[in-house]
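Right, one structure below, let's go through it.
The values are calculated or read from the model by the stated rules, or taken from the named source; none is laboratory data. Just so it is clear, the structure is predicted and the values come from calculations on it, not from any experiment. As a convention, Cβ positions derive from the backbone with ideal geometry for all residues, glycine included, and neighbour counts pool all protein chains shown. Calculation scope for accessible area: heavy atoms of the full protein, side chains included, ligands and nucleic acids excluded. Shrake-Rupley method; radii C 1.70, N 1.55, O 1.52, S 1.80 Å.
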Amino acid sequence: MFVLSELTDTIQIEPHLFKFRLEEALAREINRKFANKVIHKVGLVICLHQLNHVLDSFVFPGDGSSHTKVRFTLVVFRPMVGECIIGKIKSCSPEGLVLSISFFDDIHVPPQALPHPSRFDEQEQLWIWQYESDDGSHELFMDLGETARFRVTREVFIDTAPEEEGTASPYVLEASFADQGLGLLAWWQ
Amino acid sequence: MDVVKENAAMLSNFEVFALLNELRAEKGVDKHQQPNNQATITYETIKYLEETPCKEQTAEIVEQFLTRTTSFQLTKIEKLQLLNLRPTTAVEMQLVVEESEERLTEEQVSELLRIVAETLPAKAEGAMEQ
């Protein structure tokens, strides 16, 4: 679910960081600028992997910082569509489930992607899989905090440029519980 | 900022876990200097990966696993998922290997499960359970 992505950018180093070696200062600034941020159509950045190429640094009038063009590789979270991952159920609503993997919480399972037939219980505010077997029907609750296996079915990147309104999440994954082996781990043990 | 290559390579959970632990060890001294965002993502990612099979893996283990599975002609993403998920049942294997009914016989699925069980260590038992 992790990939390496190569980027180029001009990195600004403020004067108070001049005490560090250039590579160290660049690494700190790249991590500061990109870690835990979503790059559009690339994914969620975890950390810097390596500096590939450092070009000359420039200083501009009126600005004490140095500006350095760098080519570098980042460790990025971006699962492939079709990939299976294990996570926890974070919340339930009539719109479906929201799953979490600690560092990333925008994984949505829409009602159509739940095992069939499933229903939403208004009182418990939980989704239930109504599993039919030879020995009768069972109500399998999808409790909050339970560990589950899901398959990524779609990735959605929303360009959250400043002009756009609202606080939509820039990177959202759609997932499914609908195949054999998916859903709560407890169901398949 | 320009993207040169959005997917230059795929990493297994083990590789990311090792890298983050290395970073954490290096930064151990300067704790207050590590910017908030980076500290958060590092902490949360390590927290997640610690609960997965990659915690028990080493470079040698991964290499051995890849050598023993070459004959099955699995794609890169399938091998990665086997490493990350460590399936123990045929149902889990079917989730990882695309069109497994056509590409693998029942014996091959059992063989693959055996290789996974033998080469990749299971999660160590918690101290409280011992």
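Going down the table (A:Lys19/B:Lys27; B:Lys5/B:Lys47; A:Lys33/A:Lys90), which pairs top 24 Å between alpha carbons?
In this structure, B:Lys5/B:Lys47; A:Lys33/A:Lys90 lie more than 24 Å apart at Cα.
Which value, in debye to the nearest 20, describes the size of the charge dipole of the protein assembly as shown about its Cα centre when Lys and Arg Cβ atoms bear +1, Asp and Glu Cβ atoms bear -1, and nothing else is charged? Can you show the working numbers first?
On the way: 29 positive and 52 negative charges, 275 e Å.
That gives a dipole near 1320 debye.
Any idea of the accessible area per residue across the protein assembly as shown, 1.4 Å probe, to the nearest Å²? Walk me through the numbers on the way to the answer.
On the way: 17160 Å² over 319 residues.
For the protein assembly as shown, the solvent-accessible area averages 54 Å² per residue.
What quantity of accessible surface, computed with a 1.4 Å probe and excluding non-protein components, is buried in total between chains B and A, in Å² to the nearest 100?
3500
With each run of n ≥ 4 DSSP H residues scored as -39500 (n - 2.57), what mean residue ellipticity at 222 nm is computed for the protein assembly as shown after dividing by its residue count and rounding to the nearest 500 deg cm²/dmol?
Theoretical 222 nm ellipticity from helices: -8000 deg cm²/dmol.
Return the aspartates and glutamates within reach of A:Lys88: Cα separation strictly under 19 angstrom, same-chain partners fewer than 8 residues apart disregarded; answer none if there are no such residues.
List returned: A:Asp105, A:Asp106, A:Glu124, A:Asp143, A:Glu146, A:Glu155, A:Glu174, A:Asp179, B:Glu44, B:Glu50, B:Glu51, B:Glu92.
Excluding same-chain residues fewer than 8 positions from A:Lys69, which aspartates and glutamates have a Cα within less than 15 Å of its Cα?
Hits, sequence-local ones excluded: A:Glu6, A:Asp9, A:Glu14, A:Glu23, A:Glu24, A:Glu29, A:Asp56, B:Asp2.
Search the structure for amide H atoms under 5 Å from the amide H of A:Ile11, placed 1.01 Å from N in the peptide plane, and list their residues when 5 or more places away or on another chain.
A:Thr68, A:Lys69, A:Val70
Among DSSP bridges having both ends in the protein assembly as shown, what percentage is antiparallel? Round to the nearest 5.
Within the protein assembly as shown, antiparallel bridges account for around 95 percent of the total.
Amide H of A:Thr153 versus every other amide H placed in the peptide plane: which residues, excluding those fewer than 5 positions away on the same chain, fall under 5 Å?
Residues meeting the amide H criterion: A:Gly82, A:Glu174, A:Ala175, A:Ser176.
Any idea what the dipole of chain A comes to, in debye rounded to 20, about its Cα centre with Lys/Arg Cβ at +1 and Asp/Glu Cβ at -1? Mind dumping the intermediate values first?
Values: 16 positive and 28 negative charges, 211 e Å.
The dipole of chain A has a size of about 1020 debye.
Residue by residue, what Karplus-based ³J(HN,Hα) values in Hz, rounded to whole numbers, does segment A:142-147 have, using 6.51, -1.76 and 1.60 with θ = phi - 60° and x for Gly and Pro?
Once rounded to whole Hz, the list reads 9, 6, 5, x, 6, 7.
List, in order, the whole-Hz ³J(HN,Hα) value for each residue of segment B:107-120 obtained from phi through the Karplus relation with A = 6.51, B = -1.76, C = 1.60 and θ = phi - 60°; use x for Gly and Pro.
5, 5, 5, 4, 4, 5, 4, 5, 4, 4, 5, 7, 8, 9
Let's see if you can work this out: charge +1 on each Lys and Arg Cβ, -1 on each Asp and Glu Cβ, no other charges. What is the dipole magnitude of segment A:121-189 about its Cα centre, in debye to the nearest 20?
Charge dipole, segment A:121-189, about its Cα centre: 360 debye, nearest 20.
Would you grab the residues whose amide H sits under 5 Å from the one on A:Ala148? Only those 5+ places off in sequence or on another chain, please, with H modelled 1.01 Å from N.
So A:Ala148 has HN proximity to A:Gly87, A:Lys88, A:Ile89, A:Leu185.
For the protein assembly as shown, which semi-axes, largest first and in whole Å, follow from the square roots of 5 times the eigenvalues of its Cα gyration tensor?
39, 25, 18
How high is the relative contact order of chain A, in percent, with contacts defined as C-alpha pairs under 8 Å that are six or more residues apart?
Averaging sequence separation for qualifying contacts and normalising by length gives 19 percent for chain A.
Around A:Phe141, under 12 Å between beta carbons, what's the net of Lys plus Arg minus Asp minus Glu among the other residues?
Working: positive: A:Arg119; negative: A:Asp121, A:Glu124, A:Glu139, A:Asp143, A:Glu146.
Here the charged neighbours net out to -4.
Treating each Cα of segment A:31-104 as an identical point scatterer and ignoring solvent, apply the Debye formula and state log10 I(q)/I(0) at q = 0.17, 0.22, 0.23, 0.27 Å⁻¹.
Treating every Cα as an identical point scatterer, log10 I(q)/I(0) equals -0.84, -1.12, -1.16, -1.23.
Which residues make up the longest stretch of chain B clear of GluC sites (Glu not before Pro) that lie in a DSSP loop with no more than 12 other Cβ atoms within 10 Å, not counting the sites?
Segment B:1-98 is the longest.
Rounded to the nearest 5, what % of DSSP beta bridges with both residues in chain A are antiparallel?
Here the share of antiparallel DSSP bridges comes out near 95 percent.
Would you mind checking the radius of gyration and Dmax of segment B:1-117 based on alpha-carbon positions, in Å?
Looking at segment B:1-117, its Cα Rg and Dmax stand at 17.5, 55 Å.
Let me check I've understood the local charge: for B:Leu113, count other residues with C-beta under 12 angstrom from its C-beta, Lys and Arg +1, Asp and Glu -1. What total comes out?
Summing Lys/Arg as +1 and Asp/Glu as -1 gives -3.
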